[in-house]
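The structure under discussion appears below in the form of structure tokens.
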Amino acid sequence: MKIAVNVHLKAGVLDPQGKAVLHALHTLGFKEVEDVRVGKQILLNINAKDKEEAIKKAEEMAKELLANPVIENYEIEVKE
Amino acid sequence: MRVGVVVFPGTNCDRDTKWAFERIGAKADFIWHNEKNLHKKYDLIVLPGGFSYGDYLRSGAIARFSPIMNAVKEYAKKGGFVLGICNGFQILLESHLLPGAMTRNENLHFISKFHHLKVINNNNKFLQKFNEGDIINIPIAHAEGNYKIDEETLKEMYDNEQILLQYCDENGHYLNPNGSIDAIAGICNKEKNVFGLMPHPERAMSDILGGSDGIKMLEGFIS
């Protein structure tokens, strides 16, 4: 089961990378961009009997290690 | 006084740290991260600076799972003194031995320079040789020193005297190099036996190399 864990800084936490990318996009002329947040996607290939179990496992992994709950949010996405 | 300096793959301030403690009269050993136990009786365990596990995922996030960290946690739980410098501080945060988290410096740069710090609280072993309000000069060298903590915990930390050092200018006025909340540079836990700071006291041990304010910091653990 392929599962993606998407990790982003929480809304209240300043994302300096996002700001830098926003400035670069504005320099290129993409003036319509109002905000950029840079996160990371962690792709997992999980051996599980069904989708629910795979999601549950990915949740545990995200809480334990993949995201830092002090500063980051995560969402889990089933790829296939 | 015996100090254990933990070495992770990617640690690069281990030798400076060992030397610094020896310079003030302590005995110091390296402890490899794969060790499961502390084999000697230590007065202080130091997690030195560097880039443990290449800073993969988040700084300090992988080092937390090194075998030695279980022993360090046990040691801290029993009241043993632990000091995390720079990446060592990040490891203590990721290990939940200290509250909060680090993010990238606000200006995205790796900052490497001497920086002034103000002693906010000296009611602890680490800073006992200083007076509150003292301005000291210690090098910083980090890309992720932007300390974050929720408002509620931050207030508790002030109440419990856990906020120890703040970045400032040479006159003690607010100057924040990396965007840390309240320009925080160093903290401790509630029990005041686990300390973390981003600046490098082991690099401020000699006036001909720019400053010696680090000596008084490390000496706090000796007396």
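Tabulated data
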{"item": "Extreme residue, positive dipole direction of chain B, given options B:SER206, B:TYR147, B:ASN137 (C-beta unit charges)", "result": "B:SER206"}
{"item": "Only Lys, Arg (+1) and Asp, Glu (-1) charged, at Cβ; the range B:2-219 dipole about Cα centre in debye", "result": "840 debye"}
{"item": "Interchain or long-range residues, amide H under 5 Å from B:VAL7's placed H", "result": "B:ILE31, B:TRP32, B:HIS33"}
{"item": "Local electrostatic count, B:ASP29, Cβ distance below 14 Å [Lys/Arg +1, Asp/Glu -1]", "result": "+2"}
{"item": "For residues of B:142-148, the mean tally of beta carbons on other chains within 10 Å", "result": "2"}
{"item": "Low-density loop cleavage sites - GluC sites (Glu not before Pro) in the range B:29-135, where at most 12 other Cβ are within 10 Å (DSSP)", "result": "B:GLU132"}
{"item": "Expected-Rg normalisation [2.2 N^0.38 Å, Cα atoms] applied to chain B", "result": "0.92"}
{"item": "Whole-Å distance, taken between Cα centres, linking the range B:159-223 and the range B:74-105", "result": "14 Å"}
{"item": "Anisotropy class of the protein assembly as shown from Cα gyration tensor, a/c 1.5 cut", "result": "oblate"}
{"item": "Sequence-distant residues sharing a close amide H with B:GLN166 (under 5 Å, placed H)", "result": "B:LYS118, B:ILE120, B:ALA185"}
{"item": "Per-residue mean of C-beta atoms belonging to partner chains within 10 Å, peptide A:14-22", "result": "3"}
{"item": "Amide proton proximity set for B:ASN146, modelled H, under 5 Å, gap of 5+", "result": "B:THR103, B:ASN105"}
{"item": "3J(HN,Hα) from dihedral phi, the range B:84-101, Karplus parametrisation 6.51/-1.76/1.60, rounded to Hz, x for glycine, proline", "result": "x, 10, 6, 4, x, 5, 4, 5, 5, 5, 5, 7, 6, 7, 10, x, x, 8"}
{"item": "Net charge dipole size for chain A [Lys, Arg +1 and Asp, Glu -1 on Cβ; Debye, nearest 20]", "result": "160 debye"}
{"item": "Positive dipole terminus of the protein assembly as shown, leading residue within A:LEU9, B:PRO67, B:ILE120 (C-beta point charges)", "result": "B:PRO67"}
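Any read-out appearing in this document is the output of simple, stated calculations on the displayed coordinates, not a laboratory observation. These numbers were taken from a predicted model, which means no experiment stands behind them. Reconstructed Cβ throughout: ideal geometry from the backbone, glycine too, with neighbour counts over all protein chains shown.
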